[in-house]
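Worksheet: one structure, shown below.
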Amino acid sequence: MSAPEPASADRLRRIIALIRKETRQILRDPSTVIIAVILPLTLLFLFGYGVSFDARRIEIGLVIDDPTPETGSFTASLMNSSLFAARSARDRRNFESDLVAGRIDGIVVLASGFSAQGARGDRAPIQVIVDGSDPNKATLVRNYLQGAWGNWLMQEAITRGERITFPISVESRVWFNPEIASHHYLVPGSIAIILMLIGALLTALVVAREWERGTMEALLATPVGIIDLLAGKLIPYFVLGMITMALATGTALFVFGVPFRGSFSVLALMTAVFLTTALAQGLLISTLARNQLVAAQSTLISAFLPSFFLSGFVFEIAGMPLPLRIISYAVPARYFVSGLQTLFLAGDVWSVIWPNLTGMAVIAVVYITLTAVKTKTRLD
Amino acid sequence: MSEALVQFDQIVKRFDGTPHPAVAEITTTIMSGGITGLAGPDGAGKTTLLRLILGLLKADSGALRVCGRDPVSEASAVRDLVAYMPQRFGLYEDLTVLENLTLYADLRAVIGEERRTAFERLLAFTSLAPFTSRLAGALSGGMKQKLGLACALIRTPRLLLLDEPSAGVDPVSRRELWRMVQTLTGEGLGVVWSTAYLDEAERCERVLLMNDGKLIYEGSPSGLTNRMVGRSFHVRNAGEGRRGVLASAAKMPGVIDGVIQGANVRIVMAAGATPLSAEDFKGVSHVEVTSVPPRFEDAFVSLLGSATPAVSRLAAGAVRAKLDAGPVVEAKELTRRFGSFTAADRISFSIGRGEIFGLLGPNGAGKSTTFKMLCGLLRPTSGEARVAGLDVAAQTSAARNRLGYMAQKFSLYGDLSVAQNLAFFAGVYGLTGARRQRALERVTEAFGLQRYLETNAGTLPAGFKQRLALSCAVMHEPPVLFLDEPTSGVDPLTRREFWAHINAFVQSGVTVMVTTHFLEEAEYCDRIALVYRARVIAAGTPDDLKDSVRTQALPDPTLEDAFITLVEADDKKVAA
């Protein structure tokens, strides 16, 4: 009964047959298209338009204890900036309830000594009150106000014909993202998160579906091996994931106008390694959870959430406590977020890309090995 | 010449979290060149046994050789020689017939000329040739099973394992499937056919009878049936009183089984009991008692012990709402269209008080549609459905309050305990206070649920799930009971017990409408309507239907014969 051909030819034929089968199912199943095309684009638009760290029109309550020409000049400098919308009053109590209610973002108090100290050449002091319940925004408002105040001090000094007498002056130059437009780094970051979710979800769902529908049992009753099964699932969804990535990249470049300074071949290489990790994680989930509901929930919890929180996409990893920093090394998106941001905004910086590639590859190998060990061609 | 294909030696398989092994120390041999029937109640370990042969499960202890190989360490080689058709349709519904075949041909390395001839042979064999480009999901139940068989037979195996291939398949397809597999054994193939149908087991060369993971009989079916000679009787002429005859027989000492077969009652006596005579029924009615040849099912029940309770206690205490005279359930020209497709076409019948009415027909014939219209779950396109004198479409809520409905699938809350499920349904029916308490006590007592009150419904044994479902359906003492395939996937013993309860209900005046696949079960019905292609093609008592197909070639037709003949005659009429 044994086939006249060598076993490797049989295996190759089995893998090709499984790939062909999977491809047909993908093309016929609208839900796969939804997951691979519509879901990523929707998420990308949400992240690209909905999430922004740039402050526009910060509402300020300006308290002027003692109106003088100097306070008038400071008020004007705030009003003239597109960043601020200021209202003024004599008493801070007028603004306190607004700050509590979130109707304004901060209060600036120009105390009665403001003009006098300014005239002596001292740094006319201002008090900034921000709402610390939203630390991100509080820091932002404080920094913007500090900047505005610094600018005004400098201008005043120039008007008075004095040399600037600050002991240290900070001159910042922003590299790679001169406009400091946050969506320029949020969009590449969100591509990483989206690809993680899509990749893991695709494989997790389809394998669980085979268990649910009983097709796995019939498949296992044939001479298919573990390698055949894994390759038959990984390869078609790898291709699909690469298409998703191409769509997402196109959207980033042409819709969001994110610059791309690296090379597409390096982008393809990084994506390939990352996608393998994501698909392998999905496969691992589906070998453990044999129904679609559990598979989908586990994917959200184990692939999406860690990628979102621990990848440095939104929250700075360096600012996290040590245990989380250690855990973040096991999150593949961490490497891909950093790699993508580098490729888009800086270019082919190999000193960043190599460690990221290595990190993802190690995780991919671990997942695939675990999946191969856990997948049995048995039911128990 | 037949050879040993599978050798079990003291095989044990346990699953985590279950007290008893699924397969307990089984030692047997499966030979080539014949059909080995694998029979037994649900949960007996039949599927586990098949999966062990294929190496899909690993035995905990014992030695197992399949075609001289170890099924676990040499899984790939064994799976090359053994073909398997799982209980659930295991093919891809979103691939066409040909694509499924091609996939399995590739997986089993059947290529080139060999593939061409294999496809030709299998498509002719299964009559699927005209449907090669149809999606597998769009095939009928019987055609799906044939495609499953074709995929399993791509490379002619030495052993073919079929796990309940005829479950959920209508009688016509069931017969075809059996004939197809029988042809294969002529070519020296070994076949294991697991089944819940005892008439199928009876036709096998050899039968393995399992119960609780143990092998309780192996050998020819006649070897077992012969033990029963002289213990099976027909009680004739009981007519209207046959349910009373059955109920009183169940109380007699020595009676181990009783079923209704049309106008007759079949009684099986325990070994050594005094043979049955007409004297035994003196007080009940004028009947005639004759000795009949035993069936395999008699032996099965005798071996496993009948689960028929002496008398269902349910009927006694129940006080039922009085009904107006006239038919209790009425279908008047019921028609339902879905787009251009007519699912039910002018279906009419009426059911009188205390009657069991059966709706029979192949899958997709329109049974369920008719059923749903009578329950008020589906609005008829035209025609009228009346239950207990109420128009179901207009007074849905009031009509539903008069009927108890038991769905085809287990539709209780698996994560709730039995007591919680009962309490929930009592609430749904608006039972409160003392009435609710009485209802709960009544069903718990009648169905023997005390032992399981705190058990989660999902983990109940099959028979008790069924009892619980029935309890919930009759909680509000409905005068009409609708049962949609109530015993599909239930073994013969549980089925008997279930019918004992139904009979008790009917004796107390409840009206029952039932759909079923089991034709032997249709024998319990007073009248049957055969639904085919959305129309009622025949109606009458089971004996009427049998009489209608009686010919010289077929002097003693079974209900299955009647079913097949009537369906085929309708096919011819449509073709002409």
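The values are calculated or read from the model by the stated rules, or taken from the named source; none is laboratory data. All of these numbers come straight from a predicted model, not from anything done at the bench. Cβ: placed from backbone, ideal geometry, glycine included. Neighbour counts: every protein chain shown.
Residue by residue, here is whether (1) buried (at least 22 other Cβ atoms within 10 Å of the Cβ); (2) modelled with pLDDT under 90; (3) outside the structural domain of A:Gly250 (by TED's automatic domain parsing); (4) within 16 Å of A:Ala200 (Cβ to Cβ) holds:
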| position | (1), (2), (3), (4) |
| --- | --- |
| A:Thr277 | yes, no, no, yes |
| A:Leu288 | no, yes, no, yes |
| A:Gln297 | no, no, no, yes |
| A:Ala318 | no, yes, no, no |
| A:Pro323 | no, no, no, no |
| A:Ala330 | no, no, no, yes |
| A:Ala333 | yes, no, no, yes |
| A:Gly339 | yes, no, no, no |
| A:Thr342 | yes, yes, no, no |
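Pick from the stretch A:224-267 the residues that are surrounded by fewer than 15 Cβ atoms within 10 Å (Cβ to Cβ) and of a type in the set (S, T, N, Q): which of them is farthest from A:Leu27 (Cα to Cα)?
Selected residue: A:Ser263.
So for the stretch B:224-238 (the condition being hydroxyl-bearing (Ser, Thr, Tyr) and farther than 19 Å from B:Val287 by Cβ), does at least one residue qualify?
As a first pass, look at the stretch B:224-238 and keep what is hydroxyl-bearing (Ser, Thr, Tyr): B:225, B:232.
After this cut, where a residue has to be farther than 19 Å from B:Val287 by Cβ as well, the list is B:225.
Checked against the condition, which is being hydroxyl-bearing (Ser, Thr, Tyr) and farther than 19 Å from B:Val287 by Cβ, the stretch B:224-238 yields at least one hit.
Would you confirm, using the coordinates I've provided, whether A:Leu41 is part of a helix (DSSP H, G or I) and within 14 Å of another protein chain (Cβ to nearest Cβ)?
Working: part of a helix (DSSP H, G or I): yes; within 14 Å of another protein chain (Cβ to nearest Cβ): no.
No.
Pull out all pairs, ordered by first then second residue, where Cβ-Cβ is under 9 Å, the residues are six or more apart or on different chains, the first lies in the stretch A:217-235 and is within 12 Å of chain B (Cβ to nearest Cβ) and free of Cβ contacts under 8 Å to residues at least 24 places away in the same chain, and the second is hydroxyl-bearing (Ser, Thr, Tyr) and outside any helix (DSSP H, G or I).
A:Ala218/B:Tyr84; A:Ala221/B:Tyr84; A:Thr222/B:Tyr84
Being farther than 20 Å from A:Leu12 by Cβ, aliphatic (A, V, I, L, M), touching a residue at least 40 places away in the same chain (Cβ under 8 Å) and more than 9 Å from chain A (Cβ to nearest Cβ) is true for just one of B:Leu128, B:Leu139, B:Leu95. Which residue is that?
Numbers: B:Leu128 fails: touching a residue at least 40 places away in the same chain (Cβ under 8 Å); B:Leu95 fails: more than 9 Å from chain A (Cβ to nearest Cβ).
That would be B:Leu139, the only listed residue that is farther than 20 Å from A:Leu12 by Cβ, aliphatic (A, V, I, L, M), touching a residue at least 40 places away in the same chain (Cβ under 8 Å) and more than 9 Å from chain A (Cβ to nearest Cβ).
Could you check the stretch A:54-94 and list, in sequence order, the residues that are buried (at least 16 other Cβ atoms within 10 Å of the Cβ) and assigned to a strand (DSSP E or B)?
Correct list: A:Ile58, A:Glu59, A:Ile60, A:Gly61, A:Leu62, A:Val63, A:Ile64, A:Phe84, A:Ala86, A:Ser88.
For residues that are outside any helix (DSSP H, G or I) and touching a residue at least 60 places away in the same chain (Cβ under 8 Å), tally how many sit in the stretch B:65-82. It would help to see each step written out before you state the result.
Within the stretch B:65-82, the first condition is being outside any helix (DSSP H, G or I), and the residues that meet it are B:65-74, B:82.
With the extra rule that they be touching a residue at least 60 places away in the same chain (Cβ under 8 Å), the set shrinks to B:66-67, B:82.
So the count comes out to 3.
I'd like the residue in the stretch A:299-316 that is buried (at least 23 other Cβ atoms within 10 Å of the Cβ) and among the hydrophobic types (A, V, I, L, M, F, W, C) and, out of all such residues, is modelled with the highest pLDDT. Walk me through how you get there before you give the answer.
First pass over the stretch A:299-316, keeping only residues buried (at least 23 other Cβ atoms within 10 Å of the Cβ): A:299, A:303, A:307, A:311, A:313.
So of that shortlist, the ones also among the hydrophobic types (A, V, I, L, M, F, W, C) come out as A:303, A:313.
Working: A:Ala303: 88, A:Phe313: 81.
My answer is A:Ala303.
When you look at B:Val6, is it in contact with a helix residue (DSSP H, G or I) (Cβ under 7 Å, 6 or more places away or on another chain), buried (at least 22 other Cβ atoms within 10 Å of the Cβ), in contact (Cβ under 8 Å) with a residue 40 or more places away in the chain and within 14 Å of chain A (Cβ to nearest Cβ), yes or no? Spell out the reasoning first.
Numbers: in contact with a helix residue (DSSP H, G or I) (Cβ under 7 Å, 6 or more places away or on another chain): yes; buried (at least 22 other Cβ atoms within 10 Å of the Cβ): yes; in contact (Cβ under 8 Å) with a residue 40 or more places away in the chain: yes; within 14 Å of chain A (Cβ to nearest Cβ): no.
When the stated conditions are applied, B:Val6 does not pass them.
Run B:Leu81 past the list (1) facing chain A (nearest Cβ under 7 Å); (2) touching a Cys at 6+ places or on another chain (Cβ under 8 Å); (3) farther than 20 Å from B:Leu159 by Cβ and report the number of the one that doesn't hold.
Here B:Leu81 clears every test but (3).
Among the candidates B:Gly62, B:Gly90, B:Gly37, B:Gly55, which residue alone is part of a loop (DSSP other than H, G, I, E, B) and modelled with pLDDT of 85 or more? Show your work before the answer.
On the way: B:Gly62 fails: part of a loop (DSSP other than H, G, I, E, B); B:Gly90 fails: modelled with pLDDT of 85 or more; B:Gly37 fails: part of a loop (DSSP other than H, G, I, E, B).
B:Gly55 is the lone residue from the list that is part of a loop (DSSP other than H, G, I, E, B) and modelled with pLDDT of 85 or more.
Need pairs with beta-carbon distance below 6 Å; first residue under 23 Å from A:Asp228 (Cα atoms) and within the stretch B:108-122, second surrounded by fewer than 19 Cβ atoms within 10 Å (Cβ to Cβ); sequence gap 6+ or separate chains.
These pairs meet every condition: B:Ala109/A:Ala3.
On the given criteria, is A:Leu370 in a helix (DSSP H, G or I) and surrounded by fewer than 18 Cβ atoms within 10 Å (Cβ to Cβ)?
Working: in a helix (DSSP H, G or I): yes; surrounded by fewer than 18 Cβ atoms within 10 Å (Cβ to Cβ): yes.
Yes; evaluated as a whole, the condition is true for this residue.
Of all the residues that make up the stretch B:324-358, how many are over 15 Å from B:Asp391 (Cα atoms) and touching a helix residue (DSSP H, G or I) at 6+ places or on another chain (Cβ under 7 Å)?
Going through the stretch B:324-358 one residue at a time, the tally reaches 7.
It is to be established whether one or more residues within the stretch B:296-307 are hydroxyl-bearing (Ser, Thr, Tyr), surrounded by 13 or more Cβ atoms within 10 Å (Cβ to Cβ), at pLDDT 80 or above and touching a Phe, Trp or Tyr at 6+ places or on another chain (Cβ under 9 Å).
no
Matching residues to (1) over 30 Å from A:Thr377 (Cα atoms); (2) in contact (Cβ under 8 Å) with a residue 12 or more places away in the chain; (3) away from chain B (no Cβ under 14 Å):
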{"residue": "A:Leu201", "(1), (2), (3)": "no, yes, yes"}
{"residue": "A:Glu212", "(1), (2), (3)": "no, yes, no"}
{"residue": "A:Thr215", "(1), (2), (3)": "no, no, no"}
{"residue": "A:Leu247", "(1), (2), (3)": "yes, yes, yes"}
{"residue": "A:Gly257", "(1), (2), (3)": "yes, no, yes"}
{"residue": "A:Gly262", "(1), (2), (3)": "yes, yes, yes"}
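Kindly establish whether B:Leu103 is facing chain A (nearest Cβ under 9 Å), within 20 Å of A:Ile26 (Cβ to Cβ), not in a helix (DSSP H, G or I) and not β-branched (Val, Ile, Thr). Walk me through it before giving the result.
Numbers: facing chain A (nearest Cβ under 9 Å): yes; within 20 Å of A:Ile26 (Cβ to Cβ): yes; not in a helix (DSSP H, G or I): no; not β-branched (Val, Ile, Thr): yes.
When the stated conditions are applied, B:Leu103 does not pass them.
Would you be able to say whether some residue in the stretch B:379-402 is within 26 Å of B:Ala462 (Cα to Cα) and either among the small types (Gly, Ala, Ser) or surrounded by fewer than 17 Cβ atoms within 10 Å (Cβ to Cβ) (or both)? Walk me through how you get there before you give the answer.
Within the stretch B:379-402, the subset within 26 Å of B:Ala462 (Cα to Cα) is none.
No, that holds for no residue.
With the requirement that a residue be more than 10 Å from every other protein chain (Cβ to nearest Cβ) and either buried (at least 24 other Cβ atoms within 10 Å of the Cβ) or touching a helix residue (DSSP H, G or I) at 6+ places or on another chain (Cβ under 7 Å) (or both), what does the stretch B:60-69 give you?
B:Leu64, B:Val66, B:Arg69
Please determine whether any residue of the stretch B:480-491 is assigned to a strand (DSSP E or B) and under 14 Å from the mean Cα position of the chain (by Cα). Don't jump to the end; show me each part of the working.
Going through the stretch B:480-491, the residues assigned to a strand (DSSP E or B) turn out to be B:480-484.
With the extra rule that they be under 14 Å from the mean Cα position of the chain (by Cα), the set shrinks to B:483-484.
Yes, the stretch B:480-491 has at least one match.
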